[in-house]
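Just below is one structure, and these are the notes that go with it.
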Amino acid sequence: MKYTRIHSKELDESVVSRWLALLATDPLYHSPYFHPAYTQAIARARNDVYLVLAEHNNRICGILPLHHTSQRTTVIGEGLTDYQGWIRDETELPDCDIAFRQTGIHRLDFNHVPATFTEFQNYVWKGSRSLTMDLSGGYRAYQQNLQTGREASLFKKIDTSVRKLGNKVGPVRFVWHSSEQRDLNALLAGKSDQFVRTLGEHADIFRTTWIRESVEMMHSAQTPLFAGVLSGLYAGDVLIAAHFGIRSGKTLHYWFPWYDTRYAEYSPGLILLARCAEAAAEHGLTMLDLGRGEQAYKQRFATGSIALSEGVITVPAWKGLFLRKFWLAREEMKSSVFGQELRNLKNRLR
């Protein structure tokens, strides 16, 4: 197998066509993060986007989008990207070590690679999961599935919250998608405030130019195969919650939800997610992916999950083995009695 690295400016229609064909080889590729439009949007905002191409018998059988400079290589979209890895043909799996040697890549950290991508299995340090909502039978079937299992009270709580919100603030309405820039600006401003309020100013990712530009371009993208979805929940004329996500095929990835904390007593976040799921099903989508993380609201709505892997690939390989041993030692120390004492001391000194 031959491996080459090309700049995103060299991405022509033949490569895009092959990329789209490869998306049909695995259901996991229904995630919008694997779609070429996602990479292309980021490439328009950054000049360091490259593709590693794997070829067998002069036919592309693998594509790995990433950022590459002389100093470092990272997955496409860095911390934005909730699914990572090769877009490849399962009959011709790429070899990461050989691919990186041939294309001058020395290290790649990953944390959202599907666990079923066996070409990464030798480099995995730990696992996690992305919680999902199965809408394949429609929203009512999804509700029934959840209520039969463990969340009989969830939708009663949502209905009660909607009634209270309507009575005290104004009629509740939901908008599936707004193409207006002002609505996107309102969401991003609210999300920035949330980041700063909960994590500090350094956590406001929308201050980073390429991130904001990429999100704006995805919001503008409206094609049958890939689109941004900007949803809003209103009480009267007041926007109390909103969400921006991306969809590909029949999957919507729940990406940037926000709600106005002044209306927290009405559980606007729960109402928003329920309305998004209902509208997604009405628009023919069969999966709502909530992303990695074990937040309580995700666990309440989820009906399934996708296993993910985290690790690092290095050239030469011994560097990765050293890093893994160092990481394991640190994890063991953190979970030890001594580690707990250090955390207690740190908390007392704050």
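Counting other Cβ atoms within 10 Å, keep those with at most 16, restrict to DSSP loop, and tell me which trypsin sites (Lys or Arg not before Pro) in region 114-208 are left.
In loop regions of region 114-208 (DSSP not H, G, I, E or B), the sparsely surrounded trypsin sites (Lys or Arg not before Pro) are R150.
Suppose every Lys and Arg Cβ carries +1 and every Asp and Glu Cβ carries -1, with no other charges. What dipole size does the chain come out with about its Cα centre, to the nearest 20 debye?
1100 debye
For the chain, what number results from the quotient of the Cα radius of gyration and 2.2 N^0.38 Å?
Its radius of gyration relative to the 2.2 N^0.38 Å reference: 1.07.
Using only alpha carbon pairs under 8 Å that are at least six residues apart, calculate the relative contact order of region 89-183 and give it in whole percent.
Here the relative contact order equals 12 percent.
So how many Å³ per residue does the convex hull of the Cα atoms of region 202-245 work out to?
Considering the Cα atoms of region 202-245, their hull volume per residue is 103 Å³.
Working out 0.36 nm times the residue gap between L323 and K156, then minus their Cα-Cα distance, what length gain in nm do you get to one decimal?
55.2 nm
Putting +1 on Lys and Arg Cβ atoms and -1 on Asp and Glu Cβ atoms, find which of A242, Y266, S8 reaches farthest to the positive end of the dipole of the chain.
Y266
With charges only on Cβ, +1 for K and R and -1 for D and E, what is the dipole size of region 1-145 about its Cα centre, in debye, rounded to 20?
Using Cβ point charges on Lys, Arg, Asp and Glu, region 1-145 gives about 300 debye.
Relative contact order of the chain: what whole-number percent is it, with Cα pairs under 8 angstrom and at least 6 residues apart?
23 percent
Could you tell me the center-to-center distance, by alpha carbons, between region 175-200 and region 70-147 in angstrom?
Using only Cα atoms, the two centres lie 27 Å from each other.
Below 8 Å between Cα atoms, with a sequence gap of 6+, how large is the relative contact order for region 1-126 in percent?
Once divided by the residue count of region 1-126, the mean separation gives 26 percent.
Sorted from largest to smallest, which semi-axis lengths in Å does the alpha carbon gyration tensor of region 26-97 give for its equivalent ellipsoid, taking the root of 5 times each eigenvalue?
20, 15, 11
Taking only Cα atoms and a 10 Å spring cutoff, compute GNM fluctuations for the chain and point out the largest among L199, L308, L187.
L199
Where only protein heavy atoms count, and the probe is 1.4 Å, what is the accessible area per residue for region 1-107 in Å²?
In whole numbers, region 1-107 has 43 Å² accessible per residue.
Take the solvent-accessible surface of the protein heavy atoms, probe 1.4 Å, and return the percent of it on the chain that carbon and sulfur atoms account for.
51 percent
What's the FRET efficiency of R59 with K9 using the Cβ-Cβ distance as r and R₀ = 22 Å, to the nearest 0.05?
E between R59 and K9, to the nearest 0.05, is 0.45.
So which GluC sites (Glu not before Pro) in region 63-127 pass both tests, a DSSP loop state and at most 13 other Cβ atoms within 10 Å of the Cβ?
The qualifying sites are E90.
List the GluC sites (Glu not before Pro) in region 217-295 that DSSP assigns to loop (not H, G, I, E or B) and whose Cβ has at most 12 other Cβ atoms within 10 Å. Which are they?
Values: sites: E265, E278, E282, E294; in loops: E294.
Of the GluC sites (Glu not before Pro), the ones in loops of region 217-295 whose Cβ has at most 12 other Cβ atoms within 10 Å are E294.
What is the antiparallel percent of DSSP beta bridges lying wholly in the chain, to the nearest 5?
Looking only at bridges with both residues in the chain, the antiparallel portion is about 95 percent.
Please compute the net charge surrounding R44, taking Lys and Arg as +1 and Asp and Glu as -1 over other residues with Cβ under 13 Å from its Cβ.
Combined, the nearby Lys, Arg, Asp and Glu give 0.
May I ask which residue of W86, V75, C61 lies farthest towards the positive end of the charge dipole of region 1-92, with charges of +1 (Lys, Arg) and -1 (Asp, Glu) on Cβ and the Cα centre as origin?
Towards the positive end, the residue furthest out is V75.
For the chain, what number of Lys pairs, 8 or more residues apart or on separate chains, have alpha-carbon atoms under 22 Å from each other?
For the chain, qualifying lysine pairs total 13.
The values are calculated or read from the model by the stated rules, or taken from the named source; none is laboratory data. Everything numeric in this text was worked out from a predicted model, so none of it was measured. Cβ sites come from the backbone with ideal geometry, for glycine too, and all protein chains shown count toward neighbours. Side chains included, ligands, DNA and RNA excluded: accessible areas come from the protein's heavy atoms. Shrake-Rupley method; radii C 1.70, N 1.55, O 1.52, S 1.80 Å.
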